[in-house]
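J.: Before we start, here is the structure in question, set down as C-alpha cells.
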Amino acid sequence: MDNHLAQGYQLTNEKLTLLHNVTAFHTLEESSYELDRELQRLIGKRAADFYEYAISLQNDCLVCSAYFSRLLEKNHIDFATFDFTDDERLLIEYGRAIARDPKHVPEDLMRLMQQTFTEEQLVVITTMGVFMIANNYFNDILNVDPAPVQE
C-alpha cells in the first residue's frame, strides 16, 4: 500500500476493504490502475475517465460514481452538459452498453467501435470496462462507504 500511495494514489474505503487480503487488493486495485495507465496512453486520460464514469453511472455504483464526480468537479466538468468529442461520446455509449448488458452490445455500436479504435485499443478499452464493472460490483456487494477517507 505504501508504494501505491507513493505513486500519488488516494486512500479510499474500497482500498481499505480490499486490503483485508493483499492478493485481492493487488488483483482488483493494482491491476486496474496498471490497465488504466495503459488505457490513458492509448485514448487519453479525459476519455478514459469519461468512459469509466459512464460505466459506474450505468451500474449505479455510488462509490465509483462519487469518485469520478469529484474528479470531474475538480476539473470543472459538468458531465450532463459537457461538449464531448465524437470519440468520447462513443466511449460513453459503449461503457453504458457493456454495463447494461454485456451479452447484447448493439451490433452497430460494436461496428463503430471497431471502425474507430484499433484492435489493441478495443481490447484495452473493453478490459478496463470489465475491471470497472468488477469494481462497481465489489463496492456494491460489500456496501463500501463512498465517502472520502480522511487522512
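Read-outs: derived from the displayed coordinates by stated rules, not from any lab. For clarity, every value in this text was computed on a predicted model and none was experimentally measured. Note that we place each Cβ from the backbone using ideal geometry, even for glycine, and neighbour counts take in every protein chain shown.
J.: Within 10 Å, Cβ to Cβ, of THR116, how many net charges do the neighbouring residues add up to if Lys/Arg are +1 and Asp/Glu are -1?
T.: Numbers: positive: ARG111; negative: ASP86, ASP87.
Around THR116, the surrounding residues sum to -1.
J.: Just to confirm the number: angle between the C-alpha axis of helix 119-141 and the first principal axis of the chain, 0 to 90 degrees, nearest 10?
T.: 40 degrees
J.: Could you order the peptides 76-83, 92-99, 15-22 from most to least packed, using the average number of other C-beta atoms within 10 Å per residue?
T.: Details: 76-83: 9.8, 92-99: 21.0, 15-22: 14.9.
The peptides rank, most packed first, as 92-99, 15-22, 76-83.
J.: How much net charge surrounds GLU93 when only other residues with a Cβ under 15 Å from its Cβ are counted (Lys, Arg +1; Asp, Glu -1)? Please list the in-between numbers first.
T.: Details: positive: ARG89, ARG96, ARG100, ARG111; negative: GLU52, ASP86, ASP87, GLU88, ASP101, GLU107, ASP108.
For residues surrounding GLU93, the net value is -3.
J.: Between helix 107-116 and the chain, what is the angle of the helix's C-alpha long axis to the longest principal axis, kept within 0 to 90° and rounded to the nearest 10?
T.: For helix 107-116, the angle is close to 80 degrees.
J.: Still on this model: Excluding residues fewer than 8 places away in the same chain, name every one of the aspartates and glutamates whose C-alpha is closer than 16 Å to that of LYS103.
T.: Of all the aspartates and glutamates, those that pass the test against LYS103 - Cα under 16 Å, at least 8 places apart if same chain - are GLU93.
J.: Using just the C-alpha positions of the chain as equal point scatterers, what log10 of I(q)/I(0) does the Debye formula give at each q in 0.17, 0.20 1/Å?
T.: Results for the chain at q = 0.17, 0.20 Å⁻¹ read -1.01, -1.37.
J.: Going highest first, how would you order 128-139, 33-44, 52-63 by mean Cβ packing within 10 Å?
T.: Details: 128-139: 20.3, 33-44: 16.2, 52-63: 21.8.
In decreasing order of mean packing, 128-139, 33-44, 52-63 become 52-63, 128-139, 33-44.
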